[in-house]
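Shown next, in structure tokens, is the structure this report addresses.
The values are calculated or read from the model by the stated rules, or taken from the named source; none is laboratory data. The model shown is predicted, which means the values in this text are computed figures rather than measured ones. Cβ coordinates were reconstructed from backbone atoms using ideal geometry, including for glycine residues, and neighbour counts include every protein chain displayed. For accessibility, only protein heavy atoms count, side chains too; no ligands or nucleic acids. Shrake-Rupley method; radii C 1.70, N 1.55, O 1.52, S 1.80 Å.
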Amino acid sequence: MPREIITLQVGQCGNQIGGEFWKQLCVEHGIEPTGQLRATPAGSPRSVDDRKDVFFYQSDDEHYIPRALLIDLEPRVVNKIAKGTYSELFNPENFFIAQDGGGAGNNWASGYRQGEQHHEQVLDMIDREADNSDSLEGFVLCHSIAGGTGSGMGSYLLESLNDYFPKKLVQTYSVFPNWDQTQSDVVVQPYNSVLTLKRLALNADAVVVLDNTALNRIAVDKLRINNPTVDQLNSLVAMIMAASTTTLRYPGYMNNDLIGLLASLIPTPRCHFLMTGYTPLVISDKQASIRKTTVLDVMRRLTQPKNIMVSANTRPGSGCYISILNIIQGNDIDPTQIHKALQRIRERQLINFIPWGPASIQVALARSSPFVENKNKVSGFTLANHTSMAQLFERLLKQYDKIRRRNAFLENYRKEPMFQEDFAEFDDARETVQSLVDEYKACERADYVDFGGASG
């Protein structure tokens, strides 16, 4: 029985990466931009054994429609999707644009307030999609944490999903901003990010961190793109999102639902921020220069810090892995190759694990889509939980403290109901992020189990 997943795309960034994600899924499942199925390629089995219905449902005329809600407070990006090549794919009833269309002006508090205002309309849409599912497993939220709509309205929706669907899983793909001050165009991004992080810590079951700084670095170093465009970075993100859902859509004997995928990665509930890696990288006309791929080579590359898509140091000696799941994709992979690769990695002590839990890499095998021509025989994707994620949060807190100390740029927040009385919400959010940093650091110690007891 399929375990359906509803995708919520919130804000400009969320809708941009969401749009690319659906394009990628359509390619992998042989779905035309109109929603019709393409003929199975010659040489592959007549019926493709995939689970389209996890992310799509069929309309009365047999078209495939994404289980997606496109939500924004200003019309530009959603209208672009509604008028673009894939305009016929989506259900027009699932587009939500605020009537005044003014956006949230990069202000978390404005996005949050407007989320409350439009609460009924958006929850009706979510309800309708949930009722349309036979066995809904959970929700996926695509958003950015630094702007206004994705962060503020995204935060409000996270809280609402917890209230209305307490037993459903909530996973997010959260885009973290570029930390380089010269490349950031939002001066208040540390405020927005800390306020959103509080909700990601308290209201999400898993957060896949998409770090713009690291994505830029990988595009420059690996794909030799000097100035990566937003579209190129978005297609990189779409590739990561599609890879992380491979085992749900092309199921094997394990990790074929969201709870199975996440349970192994998140042994303690608060440390649920995951980093990703992918090899060999390919986006449209650009390809990383890798000539031959073997299982060992792919698995070794996935452990290399330069392939990890988060600006945190994962080298041995700097933190340790809490858990790792590698998804190896290819059609003729011999499981003995995987055992050999794991043995080699263990012998060479290429990675450090936590001292209080099992030191194992989990591996899931996934089939390749017959609709996609792969230049490489084997490709690999990793989802990892690593204590160096704390470095990312510390960097953010340092930037937050720098402007909060001077009470800079607070005027626009003061105009919103949440901050009219005082700025207690800021202090509370900062405290939540700090305790997250402390917990990740405590994970590196053998007595972490006691830390969990003390913090309740």
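Points to keep in mind about this one:
- Taking first residues from region 160-177 that are touching a residue at least 60 places away in the same chain (Cβ under 8 Å) and over 18 Å from M125 (Cβ atoms) and partners that are of a type in the set (F, W, Y) and surrounded by 17 or more Cβ atoms within 10 Å (Cβ to Cβ), the Cβ contacts under 9 Å between residues at least 6 apart in sequence or on separate chains come to L169/F139; Q171/F139; Y173/F21.
- From the options L325, L233, residue that is within 18 Å of the chain's Cα centre (by Cα) and open to solvent by 10 Å² or more (accessible area, probe 1.4 Å): L233
- Candidates in region 1-43 are the residues that are crowded, with 20+ Cβ neighbours inside 10 Å and without any contact (Cβ under 8 Å) to a residue 60 or more places away in the chain; of these, the one that is farthest from F96 (Cα to Cα) is I31.
- When A146 is tested against the conditions (1) modelled with pLDDT under 95; (2) in contact with a Leu (Cβ under 6 Å, 6 or more places away or on another chain), the lone failure is (2).
- Residue match in region 85-106 (condition: under 24 Å from N256 (Cα atoms) and not small (G, A, S)): no
- Region 60-93, subset in a helix (DSSP H, G or I) and more than 21 Å from the chain's Cα centre (by Cα), residue farthest from N132 (Cα to Cα): R76
- Residues that are farther than 25 Å from G152 by Cβ, among the β-branched types (V, I, T) and touching a residue at least 12 places away in the same chain (Cβ under 8 Å), drawn from region 196-243: I218, I225
- Scanning region 389-400 for residues being open to solvent by 40 Å² or more (accessible area, probe 1.4 Å) and either under 20 Å from D428 (Cβ atoms) or touching a His at 6+ places or on another chain (Cβ under 7 Å) (or both) gives a total of 2.
- The single condition from (1) more than 30 Å from Q24 (Cα to Cα); (2) surrounded by 13 or more Cβ atoms within 10 Å (Cβ to Cβ); (3) at pLDDT below 85 that P358 fails is (2).
- Check on R315, open to solvent by less than 60 Å² (accessible area, probe 1.4 Å) and in contact with a helix residue (DSSP H, G or I) (Cβ under 9 Å, 6 or more places away or on another chain): no
- Selection count, region 55-77, where residues are surrounded by fewer than 22 Cβ atoms within 10 Å (Cβ to Cβ) and not acidic (D, E): 8
- Extreme residue, modelled with the lowest pLDDT, among residues of region 222-256 that are in a loop (DSSP other than H, G, I, E, B) and closer than 18 Å to N326 by Cβ: Y253
- From L350, L325, L302, L296, residue being in a strand (DSSP E or B) and not β-branched (V, I, T): L325
- Matching residues, region 94-122, being of a type outside the set (G, A, S), open to solvent by 30 Å² or more (accessible area, probe 1.4 Å), more than 20 Å from L161 (Cβ to Cβ) and assigned to a loop (DSSP other than H, G, I, E, B): Q99, D100, N106
- The set of residues from region 250-270 being in contact with an Asp or Glu (Cβ under 6 Å, 6 or more places away or on another chain) and open to solvent by less than 10 Å² (accessible area, probe 1.4 Å) comprises Y250, L258.
- Residue in region 165-173 that is open to solvent by 20 Å² or more (accessible area, probe 1.4 Å), at pLDDT 90 or above and of a type in the set (F, W, Y) present: yes
- Of all the numbered requirements in (1) open to solvent by 50 Å² or more (accessible area, probe 1.4 Å); (2) in a loop (DSSP other than H, G, I, E, B); (3) of a type outside the set (K, R), T336 misses one, and that requirement is (2).
- Hey, I351 open to solvent by 10 Å² or more (accessible area, probe 1.4 Å) and farther than 22 Å from L296 by Cα or not: no
Condition check ((1) in contact with a strand residue (DSSP E or B) (Cβ under 8 Å, 6 or more places away or on another chain); (2) among the small types (G, A, S)) across all residues:
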position	(1), (2)
L25	yes, no
E32	no, no
R38	yes, no
A82	yes, yes
F90	yes, no
F95	yes, no
